[in-house]
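This report refers to the structure that appears directly beneath it.
The values are calculated or read from the model by the stated rules, or taken from the named source; none is laboratory data. Keep in mind that this is a model prediction, so the values were computed, not measured. Please note: Cβ atoms are built from the backbone with ideal geometry, for glycine as well, and neighbour counts cover all protein chains shown. Note: accessible area is taken over every heavy atom of the protein model, side chains too, but ligands, DNA and RNA are not part of it. Shrake-Rupley method; radii C 1.70, N 1.55, O 1.52, S 1.80 Å.
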Amino acid sequence: MPYELWDQPSAEVTDMKKQCETMLEQYEDVVEDWYFHHQDQRLENFLCEKHILKMSEQGDKYKERADNAEWNQKSTVFES
């Protein structure tokens, strides 16, 4: 790897970051609603299941995980 690229993230990481930022912009109100009113639910479940994915897009494996009581425990909020 050339030295000048050593500190640069890979193309995959850069693309994933751009996609994440775009999704956050699109669903800013939903994330804000979760933050202030629904932190008892995992963000993944609240955002994906209830607002982004249609029921037909949710695979059986994802549904099984979402139904698992342990999976639905409150997510850890990291302090900055």
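State yes or no: is GLU4 at pLDDT below 85, among the charged types (D, E, K, R), open to solvent by 80 Å² or more (accessible area, probe 1.4 Å) and in a helix (DSSP H, G or I)?
Judged against the criteria, GLU4 is a match.
Do any residues in region 3-26 that are under 20 Å from HIS51 (Cβ atoms) have Cβ atoms under 7 Å from those of residues that are at pLDDT 90 or above and open to solvent by less than 80 Å² (accessible area, probe 1.4 Å), where the two are at least six apart or on different chains, and which pairs are they?
LEU24/VAL31
Name the pairs whose Cβ atoms lie under 6 Å apart, with the first residue in region 28-39 and closer than 13 Å to HIS51 by Cα, the second open to solvent by 40 Å² or more (accessible area, probe 1.4 Å), and 6 or more positions between them or separate chains?
Between residues of region 28-39 that are closer than 13 Å to HIS51 by Cα and residues that are open to solvent by 40 Å² or more (accessible area, probe 1.4 Å), the close pairs are VAL30/HIS51; TRP34/LEU43.
Determine whether THR76 is assigned to a helix (DSSP H, G or I), exposed (fewer than 14 other Cβ atoms within 10 Å of the Cβ) and either at pLDDT below 55 or out of contact with any Pro (no Cβ under 8 Å at 6 or more places or on another chain) (or both).
no
Can you tell me which residue in region 31-47 is nearest to the chain's Cα centre (by Cα), limited to those that are surrounded by 13 or more Cβ atoms within 10 Å (Cβ to Cβ) and part of a helix (DSSP H, G or I)?
The qualifying residue nearest to the chain's Cα centre (by Cα) is GLU44.
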